[in-house]
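Novice: One structure, pasted below without further comment.
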Amino acid sequence: MRTPVTLVTGASGEIGHGLITRLAGTGRPIVTIDLAPLDPSLHRLVLREFTGSITDSTLLERVLAEFEVDLIFHLAALLSTRAEFTPITAHHVNVDGTLTLLEFAQREGESHGRTVLFLYPSSVAAYGLPDLQTKARVGRIREDEWNTPRTMYGCNKLYCEHLGRYYARFYKQLAAHATGRVDFRSVRFPGLISAVTMPAGGTSDYAPEMIHAAARGEPYTCFVRPDTRIPFMAMPDAISALLDLAKAPRENLTRTAYNLTAFSPTAQEIHDAVVAAFPGGVVQWTTDEKRQSIVDSWPQDVDDGAARRDWGFAPVYDFSSAFEKYLIPNVRERYR
Ligand code: AKB
């Protein structure tokens, strides 16, 4: 008999740390896949750690042979800035990797006869606004508006949302006896800010980078303009959203991709909160025009009403409490 487990890909990334810690509390065994080894503090929380790429079908075959997977959190991805330097690799990891895993989930479901719950972090990068005037005019946008991403990462995320919806609702619809076994559910994360982990290769990274640099007493050069405004949320709320969506009754869900947000500060407002908390923090502003054009194409706010109505999404932290109650105390402790 194979052991029923939860599979987390990209487990060594910024979301993986908090997710594994929370999942460990449920008592359900966890199996992870990542190119990088898990932080030692996480290694002891998981049943098995596979080191390798989600694009490696033989690796997934090894997981399939040993474990019975019925819940997947697919976090592995190349983020927006890094994907612009290696777009073909980004497509291979972000799209081919996700398709490989969706097919793996379908086969797992056929093998054990149950549905496989597939949680997928999409992104605000799935949107694409043509200019700052439009960004200011449209303000808070809904899921089905402005789905015209301007980055390879955003294209990848939007397409994988549709791939997941296909597996969940239309899998081999013309075949005589095919049954879709994948219950695909995704959230469009805004920029995420963690007190514990740092992102790598994202364009919203200026927020966590600024906070952690100030806490370490290091100068930071912010690569976006002070007036840059995009949606963000604190990492604990992001983890809760994934776990709450996983628990939601399928009949309550009207969508397979949901907007999420908690607050939309400007980079200047983030700066002001950072230097108020860490007076030694020194921030210089040197705009990277290419990275600026990416965040300028993302909306300043998103409408998360569907997530709130369908499965009770309700972030705990707003901008001020994210700093006062989560980031400042925990970041101070981290660098004490
Ligand atoms: C990135 O900046 O690429 C990610 C994202 C907003 O999806 N953090």
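Novice: Starting from the Kirkwood Rh over alpha-carbon pairs, what translational D in µm² s⁻¹ does the chain have by Stokes-Einstein at 20 °C and 1.002 mPa s?
Specialist: 105 µm²/s
Novice: Run the accessible area of the stretch 269-311 with a 1.4 Å probe and give the carbon-and-sulfur part as a rounded percent.
Specialist: Answer for the stretch 269-311: carbon and sulfur cover 48 percent of the accessible area.
Novice: Continuing with the same structure: From the Cα gyration tensor of the stretch 108-260, with a ≥ b ≥ c the square roots of its eigenvalues, which class applies: rounded if a/c is under 1.5, or else prolate if a/b is larger than b/c, or else oblate?
Specialist: prolate
Novice: Here's something else I'd like to know. Quick check: pseudo-label points 7 Å beyond the Cα along Cα→Cβ at residue 285 and residue 96, how many nm apart are they?
Specialist: 4.2 nm
Novice: Given a Förster distance of 22 angstrom, what is the FRET efficiency for residue 39 paired with residue 3, based on the Cβ-Cβ distance and rounded to 0.05?
Specialist: 0.40
Novice: Does the stretch 73-165 come out rounded, prolate or oblate by the C-alpha gyration tensor, with a ≥ b ≥ c the root eigenvalues, rounded set by a/c under 1.5 and, if not, prolate when a/b is larger than b/c and oblate if not?
Specialist: Oblate.
Novice: Hey, another quick one. Going by accessible area, probe 1.4 Å, with all protein chains left in place, what is the ranking of 68, 209, largest first?
Specialist: Per-residue accessible area, sorted high to low, gives 209, 68.
Novice: What does the charge count near residue 4 come to, summing +1 for each Lys or Arg and -1 for each Asp or Glu among other residues with Cβ under 11 Å from its Cβ?
Specialist: Combined, the nearby Lys, Arg, Asp and Glu give 0.
Novice: With both partners inside the chain, how many of the DSSP beta bridges are antiparallel, as a percent to the nearest 5?
Specialist: Percent antiparallel among DSSP bridges in the chain is about 5.
Novice: Hey, what did the chain get for relative contact order, percent, Cα under 8 Å, at least 6 apart?
Specialist: 18 percent
Novice: Also, quick follow-up: Please work out whether the stretch 55-107 counts as rounded, prolate or oblate from its C-alpha gyration tensor, where a ≥ b ≥ c are the square roots of the eigenvalues and a/c under 1.5 means rounded, while otherwise a/b larger than b/c means prolate and anything else oblate?
Specialist: In terms of gyration-tensor shape, prolate.
Novice: Provide the packing ranking of 285-294, 89-98, i.e. peptides ordered by the mean count of other C-beta atoms within 10 Å per residue, highest first.
Specialist: With the highest mean Cβ count within 10 Å placed first, the list reads 89-98, 285-294.
Novice: While we're looking at this one, here's another question. Leaving out ligands, DNA and RNA, and with a 1.4 Å probe, what % of the accessible surface on the stretch 19-76 is carbon or sulfur?
Specialist: 56 percent
Novice: What do you get for chymotrypsin sites (Phe, Trp or Tyr not before Pro) in the stretch 130-229 restricted to DSSP loop and a cutoff of at most 13 other Cβ within 10 Å of the site's Cβ?
Specialist: Passing sites in the stretch 130-229 are 170.
Novice: Expected output is a single nm value to one decimal: the length gained when fully extending between residue 140 and residue 248, i.e. 0.36 nm times separation in residues minus the C-alpha distance. What is it?
Specialist: Length gained, residue 140 through residue 248: 36.4 nm.
Novice: A further question follows. I'd like to compare 51-60, 129-138, 232-241: which one has the highest average count of other Cβ atoms within 10 Å, and what's the full order after that?
Specialist: Those peptides, ordered most packed to least, come out 232-241, 51-60, 129-138.
Novice: Heavy atoms of the protein only, probe of 1.4 Å, neighbouring chains included. What is the accessible area of residue 253 in Å², nearest 10?
Specialist: Probe radius 1.4 Å; accessible area of residue 253 about 30 Å².
Novice: What does the charge add up to near residue 121, with Lys and Arg as +1, Asp and Glu as -1, over the other residues with Cβ less than 9 Å from its Cβ?
Specialist: Overall, the nearby charge balance is +2.
Novice: Over the chain, give the accessible area per residue in Å² for a 1.4 Å probe, as an integer.
Specialist: On a per-residue basis, 42 Å².
Novice: Rounded to whole Å, give me the distance from the Cα center of the stretch 1-72 to that of the stretch 153-185.
Specialist: When both Cα centres are located, 23 Å separates them.
The values are calculated or read from the model by the stated rules, or taken from the named source; none is laboratory data. None of these values were measured; they are calculated from a predicted model. Note: ideal-geometry Cβ built from the backbone for every residue, glycine included; neighbour counts use all protein chains shown. Side chains included, ligands, DNA and RNA excluded: accessible areas come from the protein's heavy atoms. Shrake-Rupley method; radii C 1.70, N 1.55, O 1.52, S 1.80 Å.
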